[in-house]
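Engineer: I am attaching a structure below and will ask some questions about it afterwards.
The values are calculated or read from the model by the stated rules, or taken from the named source; none is laboratory data. Note that this is a predicted model, so its numbers are computed, not measured. Don't worry about glycine lacking a Cβ; one is built from the backbone with ideal geometry, like all the others, and counts go over all protein chains shown. Heads up: the accessible areas ignore ligands, DNA and RNA and are worked out on the full protein's heavy atoms, side chains in. Shrake-Rupley method; radii C 1.70, N 1.55, O 1.52, S 1.80 Å.
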Amino acid sequence: MTNTLLKLEQINTYIDQFHILQNVNFEVKSGEVTVLLGRNGAGKTTTLRSIMGLNSALSGQIVYKDEDITKLPAYKIAKKGIGYVPEDQGIFYDLTVGENMRVGMRQEDEATKDRMEWVLELFPDLKKFWKKPGGQLSGGQKQMLSIARSYVNDNDLLLIDEPSKGLAPVIVEKVIESIEKMKEKTTVVLVEQNFYMASRLGDSFFILDDGMTVHQGDMKELRENEELKRKYLGIA
Amino acid sequence: MDLFINLAINGIATGMLIFLIACGLTLIFGLMDVLNFAHGGIFAWGAFVGVWGYSVTQNFLISIVLAVIAGLLIGLITEYLIIRPVYGNHIQQILITLGFMLVLSEFIKVVFGPNILAAQKPPFLQDYWLVGDVTIIKYRAFTIVVGFIIFVAIMAVLKYTKIGLIVRAGVMDKEMIQALGVNIRLVFIGVFMVGSALAALGGALFAPSSGVAYAEMGMEFGIFAFIVVIIGGMGSVPGSLIAALLVGLSNVFMAYYVPSLAMAVTMILMFLVLIFRPEGLFKVSGVSNK
């Protein structure tokens, strides 16, 4: 029996005058990878930003580990154990790889050092380019750094926004392998347009369309439902 | 040659004093995106508190410490009462901080009286050294050393400490640093207070150098500091140092050779930078795709 780690109930989020999320509902079970799917502009990124407190929801409730986090500021939400990998990776260009990792550490204790070692084994390139400024990394290396930084803390939930975006297939494969290893240790909400990646990693899915949750279920169901894929994801 | 060296030392000393005001301003702008025209007022308060402190205690170090404490407190009050309500709105920031600059200047007159105060150098810094034919005024050498120590200290904090990394990262992307669990508001307050303390330190060191402290000095040096921040690159401490030295040196040399162009040369420097390198001499990068 898996427990609900995160629950969104009737979430409405505005950006300026635009009503982006309209009564969005979904649940994330502990230990699973939940994939948020939908076309461009469906509201996937805004959903993650609302969870993270970067675009706070105007109404509705976001419950994480039985606690209402809807109106909390982003830094408090992060401290509750939620890691965020934004669509643009959020790498600090003038900081080296090592500094990007260190600035992401909420604590610098033994447990953090152990996680750091683990994550560097997962992404050996980061060790190689430890003293290189983040701005000089390739797209794939930046993505790996962003994911690694989110994992270096004791996070129970990772929100990862389109990790395959703009990456070569061989790099996408590496990112998939890394998230596969991470999902053994943490729960993941993944926003992804690359259906291959989504279906490889996902246990369950939610489809957003025009800011509304229109479908949900097990990933196995989606893999076999050609109609659903065609209708909402544009996959023939 | 002796004249050249003397002018150069004078220019570097002036540049270091401008740097002390500008480095706080550049961090405040870079991290908080705040246009703080009240910064010069804190410089003037530092000068007056320093002069007053020295006249009361006859201890130069204590007078400097008092000025720095005054800077920290005024910084805290300014951030809390003046800046906080206008985050994200540059027009309101300009109007309210310019207004507060005037309040700070006028309040100096209320507290210390309307007259110009004479500022003394401490006895151990009143003399000069004669190196060959070059006269090195001790106080100028002292301001250069203090300015350099402050620069090295700031760079060391920014480079090697966690809080320094957070400030550098915050200058690049405030949102991401919050998503990593950092309370950016607390960092804002800290940076604002330190920046204000540096301006006050600059004022406390400037007054004995010029021999006077006057309420309007804040506006004068505040504008210099803004020009330096624009030339150096907003958010860049090394940029502020280089720009402050450029402004200091060019001012001193022009004041000697073509006095009528002394002020204009600073403006010309700024125009040239804005035309050929609008982001300043030292650009602070952002984050991915931003």
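Engineer: When you go through (1) at positive phi; (2) part of a helix (DSSP H, G or I) one by one for residue A:90, which number turns out not to apply?
Structural biologist: Failing condition for residue A:90: (2).
Engineer: Ok, one more. Residue B:128 versus (1) among the hydroxyl-bearing types (Ser, Thr, Tyr); (2) open to solvent by 30 Å² or more (accessible area, probe 1.4 Å); (3) under 22 Å from residue B:53 (Cβ atoms): which is the lone unmet condition?
Structural biologist: Result: residue B:128 fails condition (3) only.
Engineer: Next question, about the same structure. Step by step: first the residues of the range B:192-229, then only those that are surrounded by fewer than 23 Cβ atoms within 10 Å (Cβ to Cβ) and over 25 Å from residue B:120 (Cβ atoms), then the one that is farthest from the other protein chains (Cβ to nearest Cβ). Which residue is that?
Structural biologist: Applying the filter and picking the extreme gives B:223.
Engineer: Let me ask something else. Got a number for residues in the range A:129-184 being more than 16 Å from the chain's Cα centre (by Cα), more than 11 Å from every other protein chain (Cβ to nearest Cβ) and either aromatic (Phe, Trp, Tyr) or crowded, with 23+ Cβ neighbours inside 10 Å (or both)?
Structural biologist: Selection size over the range A:129-184: 2.
Engineer: Since residue A:13 meets every condition but one in (1) more than 17 Å from residue A:207 (Cβ to Cβ); (2) at pLDDT below 95; (3) surrounded by 18 or more Cβ atoms within 10 Å (Cβ to Cβ), which condition does it not meet?
Structural biologist: (2)
Engineer: Check every one of the helices (runs of 4 or more DSSP H) wholly within the range A:115-198 and list those with 3 or more residues that are over 27 Å from residue A:40 (Cβ atoms).
Structural biologist: Because the criterion is at least 3 residues that are over 27 Å from residue A:40 (Cβ atoms), the helices (runs of 4 or more DSSP H) in the range A:115-198 that meet it are A:124-128.
Engineer: Another one. List every residue pair whose Cβ atoms lie under 7 Å apart, where the two residues are 6 or more positions apart in sequence or sit on different chains, the first residue falls within the range B:108-133 and is touching a residue at least 40 places away in the same chain (Cβ under 8 Å), and the second residue, located anywhere, is open to solvent by less than 100 Å² (accessible area, probe 1.4 Å) and assigned to a loop (DSSP other than H, G, I, E, B).
Structural biologist: B:108/B:215; B:109/B:215; B:116/B:214; B:118/B:211; B:119/B:211
Engineer: Just give me the residues in the range A:87-106 being at the interface with chain B (Cβ under 7 Å from one of its Cβ atoms), open to solvent by 10 Å² or more (accessible area, probe 1.4 Å) and of a type outside the set (Lys, Arg), in sequence order.
Structural biologist: A:88, A:89, A:93, A:94, A:99
Engineer: Can you find a residue in the range A:215-225 that is among the polar types (S, T, N, Q) and more than 17 Å from residue A:140 (Cα to Cα)?
Structural biologist: Yes - at least one qualifying residue is present in the range A:215-225.
Engineer: How about the range A:53-67: which of its residues are over 25 Å from residue B:174 (Cβ atoms) and part of a strand (DSSP E or B)?
Structural biologist: A:59, A:60, A:61, A:63, A:67
Engineer: Just checking, how many residues over the range B:20-39 are under 16 Å from residue B:71 (Cα atoms) and of a type outside the set (Gly, Ala, Ser)?
Structural biologist: Qualifying residue count for the region: 9.
Engineer: Here's a follow-up. Can you name every residue in the range B:166-179 that is surrounded by fewer than 24 Cβ atoms within 10 Å (Cβ to Cβ), over 18 Å from residue B:24 (Cβ atoms) and at the interface with chain A (Cβ under 7 Å from one of its Cβ atoms)?
Structural biologist: Residues satisfying the conditions are B:173, B:175.
Engineer: Taking the residues in the range A:111-125 that are over 19 Å from residue A:166 (Cβ atoms) and touching a helix residue (DSSP H, G or I) at 6+ places or on another chain (Cβ under 6 Å) as candidates, determine which candidate is surrounded by the most Cβ atoms within 10 Å (Cβ to Cβ).
Structural biologist: A:119
Engineer: Give the residues of the range B:24-50 that are outside any helix (DSSP H, G or I), under 12 Å from residue B:171 (Cα atoms) and either open to solvent by less than 10 Å² (accessible area, probe 1.4 Å) or hydrophobic (A, V, I, L, M, F, W, C) (or both), sorted by residue number.
Structural biologist: B:34
Engineer: Yes or no: residue A:48 crowded, with 19+ Cβ neighbours inside 10 Å, within 14 Å of chain B (Cβ to nearest Cβ) and in contact (Cβ under 8 Å) with a residue 60 or more places away in the chain?
Structural biologist: It is true that residue A:48 is crowded, with 19+ Cβ neighbours inside 10 Å, within 14 Å of chain B (Cβ to nearest Cβ) and in contact (Cβ under 8 Å) with a residue 60 or more places away in the chain.
Engineer: Next question. How many residues are assigned to a strand (DSSP E or B) and open to solvent by less than 50 Å² (accessible area, probe 1.4 Å) if we restrict to the range B:108-125?
Structural biologist: Residues flagged as assigned to a strand (DSSP E or B) and open to solvent by less than 50 Å² (accessible area, probe 1.4 Å) within the range B:108-125 amount to 1.
Engineer: Go through the range A:64-98 residue by residue and tally those that are over 16 Å from the mean Cα position of the chain (by Cα), among the β-branched types (Val, Ile, Thr) and closer than 24 Å to residue A:143 by Cβ.
Structural biologist: 2
Engineer: On to the next question. Across the range B:265-290, which residue is modelled with the highest pLDDT among those that are closer than 19 Å to residue A:100 by Cβ and β-branched (Val, Ile, Thr)?
Structural biologist: Across the range B:265-290, the extreme among qualifying residues is B:284.
Engineer: Scanning the range B:53-77 for residues that are under 16 Å from the mean Cα position of the chain (by Cα) and either more than 17 Å from residue B:213 (Cα to Cα) or of a type in the set (Gly, Ala, Ser) (or both), which turns out surrounded by the most Cβ atoms within 10 Å (Cβ to Cβ)?
Structural biologist: Restricting to residues being under 16 Å from the mean Cα position of the chain (by Cα) and either more than 17 Å from residue B:213 (Cα to Cα) or of a type in the set (Gly, Ala, Ser) (or both), the top hit is B:67.
Engineer: So residue A:58 passes all but one of these: (1) touching a residue at least 24 places away in the same chain (Cβ under 8 Å); (2) closer than 22 Å to residue B:178 by Cα; (3) open to solvent by less than 60 Å² (accessible area, probe 1.4 Å). Which condition number does it fail?
Structural biologist: (3)
Engineer: I would also like to ask the following. If you take the residues of the range A:74-83 that are facing chain B (nearest Cβ under 7 Å) and either in a loop (DSSP other than H, G, I, E, B) or open to solvent by less than 10 Å² (accessible area, probe 1.4 Å) (or both), which of them is nearest to residue A:130 (Cα to Cα)?
Structural biologist: Applying the filter and picking the extreme gives A:78.
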